[in-house]
Amino acid sequence: MHTSELLQQYYVDSNTWDEMYRNDSVREQYRSVVDFLQQLSIDELNKKEDLAKRLFMSQGITFTVYSSGEGVEKIFPFDIIPRIITAAEWDHIEKGIKQRLKALNLFLKDVYHNQFILKDGVMPVDMVYSCPHYLRVMHNFPVPHDIYVHISGIDLIRNSDGSFYILEDNLRTPSGVSYMLENREITKRIFPDLIPANHVRSVTEYPTILHKNLVSLSPRQIANPTVVLLTPGLYNSAYFEHTTLARLMGVELVEGRDLVVDNHKVFMKTTTGLQQVDVIYRRVDDEFLDPLIFNSNSLLGVSGIMNAYRKGNVAIVNAVGNGVADDKAVYSYVPAMIRYYLNEEPILKNVPTYQLANKEKREYVFSNITNMVVKKTNESGGYGMLMGNSTSEKEIEEYKAEILKAPRQFIAQPIISLSSSPCYMNGALAPRRVDLRPYALCGPDGIEIVPGGLTRVALREGSLVVNSSQGGGSKDTWVLAV
Amino acid sequence: MLSRVADSLYWMSRYMERCDGMLRMLKINYAASQDDMDEFSWVPALKLFSYMDDQEAAAISKNSRDVLLYMVIAKENSNSVLNIVTKARENGRSVQDHITKEMWQCLNDFYHMMREENISDWLKKDDPITILDSLLKQCTVYFGTMDVTMARGESHAFINLGKFLERGVQTADILDVKFSALDGEYDKAADTTYWKYLLLSISGLELYLKTYRGGFEAANIVEQSVLNGNFPRSIMYSVKNLRQYFERLRSDKNYTSFNEVMFMIGKLESKIKFSTTQTIVKEGLSKFLQETKTDFLEIGNALNKNYFAYS
């Protein structure tokens with residue numbers, strides 16, 4: 001029943017799963033929050049929204065946009081209404097992600113060593129060798145504990161039937177986890193007592209688990225190995241995240257210019273001379289990591305670091321060369337990997353994916369293009385994407401020509417209608433589309449996922465694109481204990 | 001600690017100290033300008049804290065509002081409060097994991113405050129002292145936050161090295177400009193307001209009145225602002241702190257570097273310790289202040305070479 005002013009304009013699209021509403025009644029898990037919100041006046045809610053903005057600004061949870069020679073501080077838009085996940089839903093997600101990561105790790109080890117999966121014909125050979133992120137330098141190099149994906153941010157979406165689908169595996173340098181942590185802190189400030197009253201599980205363990213895993217990877221068996229976080233620097237849009245994680249773990253935040261390699265060991269330049277580095281959590285992409293091996297113009301990396309890595313003198317997290325496993329074309333083989341390596345049925349489904357390198361599939365996609373989203377296999381962040389239902393015919397034709405030039409670089413998926421979640425918009429709640437990115441940590445003790453994640457939300461009405469570069473925002477994400 | 005981090009902490013701190021000194025100076029000068037607009041000139045202040053040449057300074061030196069706008073919020077003035085605070089914050093931003101969250105928030109808030117529109121309104125139309133006071137308060141909050149939240153480790157030591165080196169240079173500079181304006185005839189300034197405002201701009205008037213009876217005398221002012229180790233803006237106080245904080249960096253790993261810088265600080269400290277107002281005046285106050293300033297800057301260079309060089 002739409003009883004209050006707040007909910008009067010809440011119209012759910014009939015083809016969409018809504019996280020809060022079901023047949024015009026509020027789902028169990030949202031009831032207590034909705035009751036609470038209804039007691040507040042619009043004025044109070046506006047004040048809370050304002051407070052949230054001010055807190056982000058004053059804590060410097062911002063990124064800088066440079067225009068006309070001057071930096072302007074922007075905050076990543078935050079919606080004050082939490083996204084709620086039930087204990088049962090979380091249980092399913094957690095199991096599914098663990099299973100998937102286990103298979104992906106085995107795949108990476110296999111593909112850089114014996115390549116059984118290719119020899120057994122489960123996956124076409126050219127699928128791997130045509131991937132730009134497949135790195136020969138990683139061949140036959142045993143990474144510590146056989147772990148490639150230490151940190152992942154796997155994107156999930158929810159179709160109209162309510163079931164979760166994997167949209168993307170981010171296995172290289174996934175970002176956004178600081179927003180999972182900060183959004184929770186902000187909710188604590190703007191809605192006092194609401195979190196304990198709803199038995200929301202805590203996310204604060206994340207930096208502790210990550211630090212524990214990083215320390216355990218040290219090649220030197222010493223009491224206090226030196227762990228560093230390697231950032232591209234102040235001008236990177238995720239710089240805030242890098243400083244937050246370094247602070248929360250108590251590790252040194254370094255830039256490429258702070259490190260130097262000598263005799264295949266990595267050192268950092270300190271006020272008391274050189275100090276050996278044991279573990280590097282890098283937030284610099286493979287391509288820029290070592291100018292001697294990869295992009296020789298890179299100033300972000302460290303010359304010689306790959307040799308130190310291959311000699312086993314330093315651990316790099318995530319491993320180098322993971323891009324072959326989260327490539328958008330390889331993605332469609334992940335269910336096959338799960339069956340091949342684990343002999344299990346995938347718990348979480350893949351979105352059906354068409355390889356445009358395949359002529360028949362390509363023709364099918366071209367004739368149904370208005371129901372398709374076409375993506376570049378090696379791009380992320382919502383760049384280079386075509387939404388068939390909202391693009392002009394001329395643009396579609398241009399894009400098709402682009403595809404025909406290099407079909408391996410493209411995949412298509414049917415447009416999945418993301419689930420919607422209530423957002424506070426100008427004095428009322430309105431449904432907006434959301435996805436979910438939980439962060440999984442893999443260490444020698446196994447895979448751990450803090451109960452929560454980043455819910456990204458497409459703040460524009462009707463939009464299905466949640467990427468922050470395309471007008472997306474985020475929400476605090478609650479996993480309920482009961 | 002990373003050399004780059006030490007460098008950023010040191011500069012963050014130097015900029016904040018400069019900001020504080022500058023705001024004090026602007027406030028007192030503005031107050032002085034309200035006493036006697038005919039006699040008063042902004043030229044000394046402009047020469048101290050901006051890169052203007054004599055001609056440019058003279059051109060706006062009779063217009064307090066223009067000077068304040070230029071010194072506080074002008075984007076084109078690389079030494080304006082706005083730009084100094086921006087630089088302090090940028091340095092702080094790159095070492096957020098080495099300062100406390102409280103300190104970072106304080107710098108960040110100050111930065112956002114400097115970009116608010118109402119500052120220029122206050123400077124143009126209303127009482128400038130009100131806005132200068134609230135900016136000074138931000139500096140005070142920064143110093144207090146540092147004092148109560150920062151652990152007494154290496155970060156704290158580098159922050160204080162920057163702070164006291166900047167302060168020592170600043171006091172030497174202010175004294176030099178103010179005294180050289182009198183061309184050696186220190187009794188010429190029979191007008192007590194001249195000395196009063198000099199003392200006020202280094203927050204030393206109250207101490208002076210309590211210490212010395214019988215009006216203002218150049219020799220006493222030199223004694224307090226150069227030699228008195230208990231006066232927080234004296235040169236002696238800055239050098240003493242510089243030495244104390246530097247001693248904390250003593251380590252087996254960088255014996256040579258430490259000794260090189262320690263020698264320079266110790267030499268400067270001894271020089272001041274074994275001076276009297278008589279010997280200073282006899283040798284020439286201006287020469288003494290110039291040399292002191294050079295000594296400070298050379299200590300800065302030595303720190304840079306031995307501790308911050310990372311490229």
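What follows is calculated from the coordinates using simple rules that are stated; it is not laboratory data. Predicted, not measured: the structure shown is a model, and the values here were computed from it. Positions of Cβ are generated from backbone atoms using ideal geometry, with glycine treated the same way; all protein chains shown enter the neighbour counts.
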For chain B, just say rounded, prolate or oblate: build the C-alpha gyration tensor, square-root its eigenvalues into a ≥ b ≥ c, call rounded for a/c under 1.5, and beyond that prolate if a/b exceeds b/c, oblate if not. oblate
Would you mind getting me the FRET efficiency between residue B:305 and residue A:49? Use the beta-carbon distance for r and R0 = 45 Å, nearest 0.05. 0.30
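Peptide B:87-97: average number of partner chain Cβ atoms within 10 Å per residue?
Taking the mean over all residues of the peptide, I get 4.
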The simple spin-label model distance between residue B:181 and residue A:9, using points 7 Å out along Cα→Cβ, in nm, is 6.2 nm
Residue B:297/residue B:276 FRET efficiency (R0 35 Å; Cβ-Cβ; nearest 0.05): 0.90
Any idea how far apart residue B:263 and residue A:57 come out in nm if each label point goes 7 Å out from Cα toward Cβ? 5.3 nm
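Of A:269/B:137; B:267/B:305; A:212/A:375; B:210/B:240; A:359/A:394; A:188/A:349, which sit over 27 Å apart, Cα to Cα?
As for pairs spanning more than 27 Å Cα to Cα, those are A:269/B:137; A:212/A:375; A:188/A:349.
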On a full-extension model of 0.36 nm per residue, what is the gain between residue A:416 and residue A:276, subtracting their alpha-carbon distance, rounded to one decimal in nm? 45.5 nm
Gap in Å between the Cα centre of the stretch A:132-170 and the Cα centre of the stretch A:425-466? 17 Å
Express in % the proportion of alpha carbon pairs of the stretch A:1-141 at distances exceeding 17 Å. 77 percent
Give me B:267, B:101 ranked fewest to most by other Cβ atoms within 10 Å of their Cβ, as a rough exposure proxy. B:267, B:101
If the chain between residue B:117 and residue B:244 were fully stretched, how many nm would it gain, using 0.36 nm times the residue separation less the Cα-Cα distance? 41.6 nm
How well do other chains shield peptide B:142-148, expressed as the mean number of their Cβ atoms within 10 Å of each residue Cβ? 0
Charge tally in the Cβ shell below 15 Å around residue A:462, where Lys, Arg are +1 and Asp, Glu are -1, residue A:462 excluded: 0
Listing B:39, B:154 by rising number of other beta-carbon atoms within 10 angstrom, fewest first, gives B:39, B:154
Could you check the spin-label model distance between residue A:72 and residue B:211? Points 7 Å from the Cα along Cα→Cβ, value in nm. 5.1 nm
May I ask for the net charge around residue B:122, where only other residues with Cβ less than 11 Å from the Cβ of residue B:122 are counted and Lys, Arg are +1 while Asp, Glu are -1? -3
Restricted to Cα positions, what overall size does the stretch A:353-414 have along the principal axes? Three whole-Å values, descending. 26, 25, 21
Placing +1 on the Cβ of each Lys and Arg and -1 on the Cβ of each Asp and Glu in the protein assembly as shown, which of A:481, A:133, A:59 has its Cα farthest towards the positive end of the resulting dipole? A:133
Relative contact order as a percentage, chain A, C-alpha pairs under 8 Å and 6+ apart, gives 24 percent
Compute the projected area of the convex hull of the Cα atoms of the protein assembly as shown, averaged over all viewing directions, and report it in nm² to one decimal place. 39.5 nm²
Sites residue B:252 and residue A:221 - FRET efficiency at Förster radius 35 Å, r taken between beta-carbons, to 0.05: 0.90
When the convex hull of its Cα atoms is projected in every direction, mean area for the stretch B:1-150 (nm²): 9.1 nm²
Would you work out if the stretch A:229-369 is rounded, prolate or oblate? Take a ≥ b ≥ c from the square roots of the eigenvalues of the alpha-carbon gyration tensor; rounded if a/c is under 1.5, else prolate when a/b is larger than b/c, oblate otherwise. prolate
Computed ³J(HN,Hα) along the stretch B:192-200: with the Karplus parameters 6.51/-1.76/1.60, θ = phi - 60°, integer Hz and x for glycine or proline, the list is 5, 4, 4, 5, 4, 6, 4, 5, 4
Cβ-Cβ cut-off under 12 Å around residue B:270, Lys and Arg +1, Asp and Glu -1: the net charge is +3
